[in-house]
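The values are calculated or read from the model by the stated rules, or taken from the named source; none is laboratory data. Bear in mind the structure is a predicted one, so any value in this text is a computation, not a measurement. Here the Cβ is made from the backbone with ideal geometry for all residues, glycine too, and neighbour counts use every protein chain on show. Remember, those area values only see protein heavy atoms, side chains included, never the ligands or the DNA or RNA. Shrake-Rupley method; radii C 1.70, N 1.55, O 1.52, S 1.80 Å.
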Amino acid sequence: MSTAIDSRPDLPALALEEWEPTKDTLHLWAQIVGKIRMTSSAPRNHWWHAALYVDVRGLTTRRLHAGGVTFQIDFDFVDHRLVVRTNRGGVESFPLVDGLSVAAFDEELHSALRRLGVDVPIREVPFGVPMTTPFPADAEHASYDAGAVQRVWRILDWTDTVLEEFAGWYCGKTSPVHIFWHSFDLAVTRFSGRATPGASELDPVNREAYSHDVVSFGFWAGDTTTREPTYYAYAAPEPADVRERPLRPEQARWTDQGAGSLARLPYEAVRTAADPRATLLAFLESAYRAGSDGPGWNREELTSSWCPEPAELATLLDGAA
């Protein structure tokens, strides 16, 4: 499989305990920016209008719109600044530093947006996380370890590239590779094209997210329940015997996730592999095969012309066994 991706990248270690306060602060900052993106974008299926993206210097909203002005918000993890730019030439920024609380970040950002004429109201409370303090009142979360942030950004940058390669193997409906700020995970999703039975009975958020059958893949840096950075995959709905399906490499495992199953592969297993790219691709491919054995999936028809030949895929999977 020819590729421009470095098969032996210099991936850094990322122990959750060493940067967890920073991760929690950054997660809440990202929720503020993500809510502004969601408010300033036309709705897209499956909440795609809410997500953030990996950028050459950090994370970005891409183009947003308010009051007839196009603007963009960027987390610059090279110079460690939050930057807002408009199509009229306006630029506002402020430093990302240790001691900048969620409340101060929220005020700084909305002030910058007001000066540029693009401020929008958001629901100023966290979503889907243990933290519940409204953003304007949160003085507790104020940690920023610049070195740790650069390490996680390097991991996201490399992982984004591998997920983009894997996405190209599929010719069915596929999501962008993007970051969902509610859980702060980098993800890509494949759709079978079949409407999911019973989706109308879900809550509004999940009804939109899971209106059609999916196999989804991603990476998150760890949280209160998963105490290490981890690659994951799941199917919704999942085949009844999904946990009997093999995963690659040998460090990958099926685990409980709510009422369903989650395939997990520790980031450390990828980082320390002889070929991290092949190791991650083998995990993604094995999880896809396991999750797409349900009704509505036709893998042969959904395979793109850019997908490796079956013999190459077999070698990929056998090499990671």
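If I filter segment 35-59 down to residues being charged (D, E, K, R) and out of contact with any Phe, Trp or Tyr (no Cβ under 7 Å at 6 or more places or on another chain), which single residue comes out as modelled with the lowest pLDDT? Break it down stepwise before answering.
Of the residues in segment 35-59, the ones charged (D, E, K, R) are 35, 37, 44, 55, 57.
Of the ones still in play, those that are also out of contact with any Phe, Trp or Tyr (no Cβ under 7 Å at 6 or more places or on another chain) are 35, 37, 44, 55.
Working: LYS35: 97, ARG37: 97, ARG44: 79, ASP55: 96.
Per the criteria, the residue is ARG44.
Report, by residue number, each residue of segment 87-138 that is assigned to a loop (DSSP other than H, G, I, E, B), of a type in the set (D, E, K, R) and within 21 Å of VAL69 (Cβ to Cβ).
Step one: of segment 87-138, the residues assigned to a loop (DSSP other than H, G, I, E, B) are 87-90, 96-101, 117-134, 138.
Next cut, of a type in the set (D, E, K, R) only: 88, 98, 119, 123-124, 138.
Of everything in segment 87-138, those that are assigned to a loop (DSSP other than H, G, I, E, B), of a type in the set (D, E, K, R) and within 21 Å of VAL69 (Cβ to Cβ) turn out to be ARG88, ASP119.
Contact list please: Cβ distance under 8 Å, first residue in segment 135-153 and free of Cβ contacts under 8 Å to residues at least 12 places away in the same chain and under 28 Å from TYR267 (Cβ atoms), second residue open to solvent by less than 30 Å² (accessible area, probe 1.4 Å) and in a helix (DSSP H, G or I), pairs at least six apart or on different chains.
Every condition considered, no pair remains.
Might you let me know whether segment 145-153 holds any residue that is open to solvent by 40 Å² or more (accessible area, probe 1.4 Å) and out of contact with any Pro (no Cβ under 9 Å at 6 or more places or on another chain)?
Of the residues in segment 145-153, the ones open to solvent by 40 Å² or more (accessible area, probe 1.4 Å) are 145, 150-151.
Narrowing the set further to residues that are out of contact with any Pro (no Cβ under 9 Å at 6 or more places or on another chain) leaves none.
There is no residue in segment 145-153 that is open to solvent by 40 Å² or more (accessible area, probe 1.4 Å) and out of contact with any Pro (no Cβ under 9 Å at 6 or more places or on another chain).
Kindly state which helices (runs of 4 or more DSSP H) lie completely within segment 234-321 and contain at least 1 residues that are polar (S, T, N, Q), surrounded by 14 or more Cβ atoms within 10 Å (Cβ to Cβ) and touching a helix residue (DSSP H, G or I) at 6+ places or on another chain (Cβ under 7 Å). Steps first, please.
On the way: elements: 267-271, 276-291, 299-302, 310-319.
Once the helices (runs of 4 or more DSSP H) in segment 234-321 are filtered for at least 1 residues that are polar (S, T, N, Q), surrounded by 14 or more Cβ atoms within 10 Å (Cβ to Cβ) and touching a helix residue (DSSP H, G or I) at 6+ places or on another chain (Cβ under 7 Å), what remains is 276-291.
For ASP157, state whether it is among the charged types (D, E, K, R), in a helix (DSSP H, G or I), in contact with a strand residue (DSSP E or B) (Cβ under 9 Å, 6 or more places away or on another chain) and modelled with pLDDT of 95 or more. Spell out the reasoning first.
Working: among the charged types (D, E, K, R): yes; in a helix (DSSP H, G or I): yes; in contact with a strand residue (DSSP E or B) (Cβ under 9 Å, 6 or more places away or on another chain): yes; modelled with pLDDT of 95 or more: yes.
Yes; evaluated as a whole, the condition is true for this residue.
If the requirement is being at negative phi and buried (at least 19 other Cβ atoms within 10 Å of the Cβ), which of these qualifies: VAL54, VAL91, VAL78, VAL97? Show your work before the answer.
On the way: VAL91 fails: buried (at least 19 other Cβ atoms within 10 Å of the Cβ); VAL78 fails: buried (at least 19 other Cβ atoms within 10 Å of the Cβ); VAL97 fails: buried (at least 19 other Cβ atoms within 10 Å of the Cβ).
So the residue among VAL54, VAL91, VAL78, VAL97 that is at negative phi and buried (at least 19 other Cβ atoms within 10 Å of the Cβ) is VAL54.
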